[in-house]
Structure formats: structure tokens, C-alpha cells
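Peer 1: Supplied in C-alpha cells, the structure appears directly below.
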Amino acid sequence: MNDNMGKISDILSKVVVEGSNVVGAAETLATLCRDQVSKPVIYIGAGTCGLGAGAQATIDATKQYLAAKNIDADVVKVGCIGYCSVEPLLDVQMPGRTRVSFQHVTGDVVEDLLDKVFAGVMPESQAVGQFRCEAQKPYDGIIYIDEHPFFAPQTRWVLANCGRMDPDSLEEYIARGGYQGLAKALKQFDPDALCDEVEKSGLRGRGGGGFPTGKKWKFARGSKEGQKYLICNADEGDPGAFMDRAVIEGDPHRLLEGMAVAAYAIGASKAYIYIRAEYPLAIKRLKKAMAQAEANGFLGDHIMGTDFSLHIVIKMGAGAFVCGEETALIHSVEGKRGMPRPRPPFPAVSGAFGKPTIINNVETLANIPYLMRVGSEAFASVGTAGSKGTKVFALSGKVSRTGLVEVKMGTTVRQIIFDVGGGIANGRQYKAVQIGGPSGGCIPTQHLDINIDYEELKTVGAMMGSGGLVVMDEDNCMVDVAKFFMDFIQRESCGKCIPCREGTRRMLEILRRITRGRKGETGTQTLERFQSVLQLQKLAEIIRDTSLCGLGQTAPNPILSTLRWFRNEYEEHVYDRHCKAGACAELVTYTIDPDKCKGCTLCAKKCPAEAILGAPKSPHHIVESKCIGCGSCMDSCRFHAIVKS
């Protein structure tokens, strides 16, 4: 380390303990946060979602461009800022000017974009927005990014650094206030007072049922056992959920800092991060951040010169949905098969290896550094009476703007979908949003103005869950949606208890019968179809009331929720054998409009069932008894002569 870096390291160490009022701190922090840059800096969103959209080609093209033009500039790979539908994202910051973010910057458009930028011309049509900074001169004609419709309604506490900073830089994390929360916890609070502070904040678990975090910590804190464990659940098994992955990829030190504070509060000296092996980039960044934290005294022995020590181990899971349940997760950490066990005893009393164990998910722990910096009173000032702070959602499905969204508790579902998300894509009509994954429920049109609040969501049969929001429009069939989630739940059942193992299978069979056409159906099968559907709700309620673990108890929610709000669609499927949305292939009928058909024969050639007959240049027709409802004819017809009903 050279002398200059030694001075920076010394200043940062003092900043962590004493705050920013340290001689030389202002200039150092401004440099590390890139409020001041001496040469151009190009930031590229290189989280998993960005890479999936082609960000690696963007990175390669950017480096090739700089080398070919002999331009001295830094290229910084950042995490996901959340606006996933416009990736790859590339930001440019010129000396003395604000940082500007550009959308859809694939590798083939890099040269044209950078030519304009380095010529002093900012392509406004491609700009998402510019970042506010008093020390830099803004550009005319480009909105600030916090005024963009996607970001304006958001309150970003957990996601504050994601997409804005280098996730591999400990120095930059510290410059943005990192580890000051840990320093405050260690210097100003004993563990009991720290648990009280978190409880007063109103922070509740962000991974499922929303149990008060401070109260949960107190259960383990009160145990007389010498060895205690903290486990971070980063398994994230819900379809449509990617919040935890994005937080770790974009800001790994935030999670580590939150874990250190939590471990200090409960008296744990060892912690585990249980993360699915399908998150290689998150794991890579976690390992690097852990090594940096240990080398600088934020993890390991005698953290920040105190008697507190914490060692963290990464445990990779195989992506089993059931391991989202606390006791199943603990079994997996112990090297056993991930299966739930009855409670009590609860993990806070007897958890990993028989010792008191606290399990919090990524978002819960990522809230802790901010909470510690601002205090419980400021944290609790945001939200509703029973739900404090913010909540991160993964917004996906039939919505115009998809991505990661962080809003204040008390924000309505309508505001998230129509203000942040820009409404339903392609001019279609909203039908429902599935919230909380398979364990959650659907929110129909008449309840769009419900608040994001733990208790209020339960009144409509939904739950906060981990935070997946899958938006559906009029082309979605709610019976088919229930079947999709039930298929997922049935395959992911651990099989330990009969209600979940057998009950979910029977419910899936009933849904398959409902969505089945008449072709090849015997009289006995028709009778079974009507008899079984009469028992669907009762079966769902029995599974809910008798399953062993929380996942089994919430397994029927997709059926109970869709039955409650979309019973008419079930009746349509059962009595009329018709799917209005056209999503259930066996219940769809295809016909050919003879006035539009030109007899090109393309549909007949594409039909795998050879169900289309007709002479060339003459109108064709579909033999209904042979049609399998695949839709190949409609996809291939250039004259829009195929009618689906």
C-alpha cells in the first residue's frame, strides 16, 4: 500500500468510529463516492439480470472502444439498480459533470453511444436520468433519475447502494456510511439495549410471517447456552423472487454488517449464510466481501477492538423450496436432509446443532445498518402502525416496467403496479397480482388500493411473504395460475407429512381434470371430475389446518385465493368446459374464417395433428376432433384467419 492509500485507509477507519467529522474526510469520501472524478468513469450493470440481458458484451465492447480510441477511463461493474426491463444499463460520468444512466445499451450500440458522449452530446432519448450531486454540473434536457416514474415513488434504504457503487470495494462502502452502524452498536449499546432498540424500531421479518425482529432476537439472547448461532436465509425459493440475490450482488457488505450487529445482539460467535448454489455471482461477491471485512477488523476475532468475535460460513443449498422453512433449513445446514420438524422447541431455543439459533432473511438483516445509523425513532416514523420501514418487491409479469422496487410500508398495490410499474403492458387490462409467491395469494381489481401492510394483506387472503409480485392480465387464466403454483408446490413438497404430500397431489389432479377437454374422456372420468371439484375447497382447508410446517399450511393458498376471487372462472371451466382467457389448451377451440383464408396451406403444414384440411387457394377448415389446441395454426397464419374461442 502506498502512502496515499495508507492515509485514505487511516481516514476511513476514523470515519467508521467517529463519523464523517474527521480531518481530510470530506475530500476522501467525495473521491471514493465519485462525487469528484479526474477522468471519465463508465458504470455497467453487471448483476445476474444485467448479464442475462447482454451486459458482458457491453463490457467487452466498452473496453475495446476505450482501447481503440486511446481514452483513459475507468470501467466499473456495478450491481442491479432495479430497473430490469431496460437493461443492459450503462452510466457515464465525465469530470465535473453528473453521472447519466442510459438504457438498452447492448454491445452493438456502445460505439455510437460513447462517440456522442465523448463528443459532448448526451443522447436524451436513450437516457434514463442523471444522478443528483451538488458538486457536479447537471445536463440540460435530462431528468434526474429520482424523478423518473420508476424511481420517484420509491424510498430506497436497503437498495440505496445497489447499482450505484462498486460491490467489490470495501472503501466505497465505508465512504457511503458503511460499518458506522456496527461501530455505533458496539460502542453505544450492550446486547440487551440493542435488542430493545431494534424492537422499538418496529422492524419485522421480511421473509415470511413478519415476526418482530427485536423480539425474536430476545428469545435467543435470554438463553443461558454458551454457543449460539445466527443464520441468514438467502435461499430465495419463490418463483418470481430475486430480491436477496440482487442485494448481495450489489451491496454484499450491507448484509455482512447487518449480520455482525445481529450476532452481537444475540451473543452468537458463529454465523451461516445459507444461499442457493444457483447464485454463483452472489456467492463470489460475498466471499470477496468477507475476506475484506476480516482483513480490516469488521469480521473475525475482536471486531473493531472489542471482545466481540464473529466467524461466518457460507453454506450452499440445492435450491429446495422446503429449505425456506426454518427447521428444514437448519437440518440442511447440519448436513442432513432438508425436512421440517415439529415446533416447539423453536429454533431460538434449540436450533442448529441443538443450540439457540436465530434465522433472518437477507432483507431483514440488510435493514439493520440503516436502522442503526438513523435510530429506532427515525426508522419507525416511516410506514404504518403495524408495519414499519420499507419493503423490497420483485415486480414482474404483465407490467410495463419490471424490476426491483422498494417502497414505504403503507404504499398501495395500485401505486406499485401503475405508478412504479407503469401499468399493464400492451394496453391490456389488469386481472390480479400474485403476492408472496406460492404461499401468498391473488389480489383482484377491487382490492388494488389495499396497503402494503402485514395485517391488511391477510384480510384479502394474501401475505407479504418474501416480496414477489407477479402481475397478470386478462390473458391469464386464474385456474391455470393455481395449477402452475400447485404443480410447483407438489414437486417441492418434502413428503414428510401426509396432508402436504398427498393433499397437494390430489389438488393438482383436480385442477388437471378441470382444465381437461372432452376428447378421450370416459363416463367414469366425467363423474370423477364433477365429484372431485366439489371437494376442492374442503381439501384445501384440511391441508391448511393439518400440515406439519408453515409451507404445507400455506400450500393451498393459490387455490383458496383464486376460488375466493375468481370462482366464476372455475365454474366456467367445470360447467362450460371453456377457458375465456384461452390459456387452457384442451378447452380452446380454433376455427378458420373462410372470408379471410387464402388457402396458402401454411397452417396445414404446421399442424402437428394433421387436423387442417383444404385444397390450395381454397378456404381450409379445422377438424375439431383431431385438433390438440396447440395454436401452431394461429401462429403461422399471415392473414389472421384463425379464430380462437
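The values are calculated or read from the model by the stated rules, or taken from the named source; none is laboratory data. Quick caveat, the model's predicted, so the values are computed rather than measured. For neighbour counting, all protein chains shown are included, and Cβ atoms are generated from backbone atoms with ideal geometry for every residue, glycine included. Surface areas here come from the heavy atoms of the whole protein model, side chains and all, with no ligands, DNA or RNA. Shrake-Rupley method; radii C 1.70, N 1.55, O 1.52, S 1.80 Å.
Peer 1: With the dipole of the range 496-645 worked out from charges on the C-beta (+1 for Lys and Arg, -1 for Asp and Glu) around the Cα centre, which of L511, N568, Q531 lies farthest toward the positive end?
Peer 2: Towards the positive end, the residue furthest out is L511.
Peer 1: Given contacts defined as C-alpha pairs under 8 Å and at least six residues apart, what's the relative contact order of the range 436-544, whole-number percent?
Peer 2: In percent, rounded to a whole number, it is 22.
Peer 1: Oh, and also: Which of Q154, Q136, F189 sits closest to the plus end of the dipole of the range 124-251, meaning its Cα is farthest towards the positive end, when Lys and Arg get +1 and Asp and Glu get -1 on the C-beta?
Peer 2: Of the candidates, F189 comes out farthest on the positive side.
Peer 1: If you don't mind, another one. List the GluC sites (Glu not before Pro) within the range 293-345 that fall in a DSSP loop (any state other than H, G, I, E or B) and whose Cβ has at most 15 other Cβ atoms within 10 Å.
Peer 2: Details: sites: E294, E325, E326, E334; in loops: E325, E334.
In loop regions of the range 293-345 (DSSP not H, G, I, E or B), the sparsely surrounded GluC sites (Glu not before Pro) are E334.
Peer 1: If you plug each phi of the range 363-374 into the Karplus form 6.51 cos²θ - 1.76 cosθ + 1.60 with θ = phi - 60°, what whole-Hz ³J(HN,Hα) values come out, in order, with x for Gly and Pro?
Peer 2: Each residue of the range 363-374 in turn: 5, 4, 5, 6, 6, 4, x, 5, 4, 5, 5, 8 Hz.
Peer 1: Something else: Give me a comma-separated list of calculated 3J(HN,Hα) values for the range 340-345, in order, Karplus coefficients 6.51, -1.76, 1.60 applied at θ = phi - 60°, integers in Hz, x for any Gly or Pro.
Peer 2: Computed from phi, the couplings for the range 340-345 are x, 10, x, 10, x, x Hz.
Peer 1: May I pose another question? In units of 2.2 N^0.38 Å, what is the alpha-carbon radius of gyration of the range 575-645? Let's see the in-between values first.
Peer 2: Working: Rg = 11.7 Å, N = 71, 2.2 N^0.38 = 11.1 Å.
Output field value: 1.05.
Peer 1: Then there is this: Relative to the compact globular guide of 2.2 N^0.38 Å, what is the alpha carbon radius of gyration of the range 378-532, as a ratio?
Peer 2: Working: Rg = 18.4 Å, N = 155, 2.2 N^0.38 = 15.0 Å.
Rg over 2.2 N^0.38 Å, computed on Cα atoms: 1.23.
Peer 1: To the nearest 10 degrees, how steeply does helix 498-514 sit against the main Cα axis of the chain, on a 0 to 90 scale?
Peer 2: It is inclined by approximately 50 degrees.
Peer 1: So how compact is the range 301-384: Cα radius of gyration and Dmax in angstrom?
Peer 2: In Å, with Rg to one decimal and Dmax whole: 16.3, 43.
Peer 1: Name the long-range amide H neighbours of R97: under 5 Å, sequence gap of 5 or more, or other chain; modelled H, no Pro or chain starts.
Peer 2: Sorted by chain and number, the residues that satisfy this are K137.
Peer 1: Could I ask something else about it? From Cα pairs below 8 angstrom and at least 6 apart in sequence, can you work out the relative contact order of the chain, rounded to a whole percent? Could the numbers behind the result be given before it?
Peer 2: On the way: 1311 pairs, mean separation 69.7, N = 645.
It rounds to 11 percent for the chain.
Peer 1: For the range 313-362, give the magnitude of the charge dipole about the Cα centre (Cβ charges: +1 Lys/Arg, -1 Asp/Glu; no others), in debye to the nearest 20. All intermediate terms of the calculation are to be shown ahead of the outcome.
Peer 2: Details: 6 positive and 3 negative charges, 26 e Å.
My answer is approximately 120 debye.
Peer 1: Once the mean 1/r over all distinct Cα pairs of the range 477-520 is inverted, what Kirkwood radius in angstroms do you read off?
Peer 2: Working: mean 1/r = 0.0913 Å⁻¹.
By the Kirkwood definition, the hydrodynamic radius is 11.0 Å.
Peer 1: Tell me the carbon and sulfur percent of the accessible area for the chain, rounded to whole percent, probe radius 1.4 Å. Before the final figure, lay out each step's value.
Peer 2: Values: 13130 of 26540 Å².
Carbon plus sulfur share of accessible area: 49 percent.
Peer 1: Note down the nm distance, to one decimal, between modelled labels 7 Å out along Cα→Cβ at T445 and at F639.
Peer 2: Roughly 3.6 nm, to one decimal.
Peer 1: Here's something else I'd like to know. What trypsin sites (Lys or Arg not before Pro) does the range 463-554 have in DSSP loop regions with at most 15 other beta carbons within 10 Å?
Peer 2: Values: sites: K483, R491, K496, R501, R505, R506, R512, R513, R516, R518, K519, R529, K538, R544; in loops: K496, R516, R518, K519.
Filter output for the range 463-554: R518, K519.
Peer 1: Inverting the mean 1/r over all pairs of different Cα atoms, compute the Kirkwood radius of the chain and quote it in Å. Walk me through the intermediate numbers first.
Peer 2: Numbers: mean 1/r = 0.0370 Å⁻¹.
After inverting the pairwise mean of 1/r, the radius is 27.0 Å.
Peer 1: For the range 199-229, which trypsin sites (Lys or Arg not before Pro) are in a loop by DSSP, counting at most 13 other Cβ atoms within 10 Å?
Peer 2: Passing sites in the range 199-229 are K224.
Peer 1: Here is a further query. Could you list which residues have their amide H under 5 Å from that of V76, counting only those 5 or more apart in sequence or on another chain, with H placed in the peptide plane?
Peer 2: I42, Y43, I44
Peer 1: Tilt of helix 536-546 relative to the longest C-alpha principal axis of the chain, in degrees (0 to 90, nearest 10)?
Peer 2: Between the helix axis and the principal axis of the chain, the angle is about 30 degrees.
Peer 1: K270's amide H: which non-local residues (gap 5+, or another chain) put their own amide H closer than 5 Å, with H modeled 1.01 Å from N in plane and none for Pro or chain starts?
Peer 2: K228, L230, H311
Peer 1: If you put +1 on each Lys and Arg Cβ and -1 on each Asp and Glu Cβ, how big is the dipole of the chain around its Cα centre, in Debye rounded to 20?
Peer 2: Values: 76 positive and 73 negative charges, 347 e Å.
Dipole size: approximately 1660 debye.
Peer 1: Going Cα to Cα from K391, which lysines come in below 21 Å? Please leave out same-chain ones fewer than 8 positions away.
Peer 2: Hits, sequence-local ones excluded: K200, K215, K216, K408, K458.
Peer 1: Here's another thing I want to ask about it. Could you go through the range 548-554 in sequence order and give the Karplus-derived ³J(HN,Hα) for each residue, using 6.51 cos²θ - 1.76 cosθ + 1.60 with θ = phi - 60°, rounded to whole Hz, and x for Gly and Pro?
Peer 2: With coefficients 6.51, -1.76 and 1.60, one gets 5, 10, x, 5, x, 5, 9 Hz.
Peer 1: Okay, next question. Across the range 537-644, how many lysine pairs, 8 or more positions apart or on different chains, have C-alpha atoms separated by under 20 Å? Please give the number.
Peer 2: The number of close lysine pairs in the range 537-644 is 15.
Peer 1: Same structure again: In Å², what does the accessible area per residue of the range 113-270 work out to with a 1.4 Å probe? If you can, show how the numbers build up before the last one.
Peer 2: On the way: 5420 Å² over 158 residues.
I get 34 Å² per residue for the range 113-270.
Peer 1: Rounded to the nearest 5, what % of the DSSP beta bridges within the chain are antiparallel ones? Provide the component values of the computation, followed by the final result.
Peer 2: Working: 36 of 65 bridges.
In the chain, DSSP labels about 55 percent of beta bridges as antiparallel.
Peer 1: Apply the a/c threshold of 1.5 to the C-alpha gyration tensor of the range 322-442 and tell me whether it is rounded, prolate or oblate. Could the numbers behind the result be given before it?
Peer 2: On the way: a/c = 2.89, a/b = 1.54, b/c = 1.89.
Judged from the Cα gyration tensor, the range 322-442 comes out oblate (a/c at least 1.5, b/c at or above a/b).
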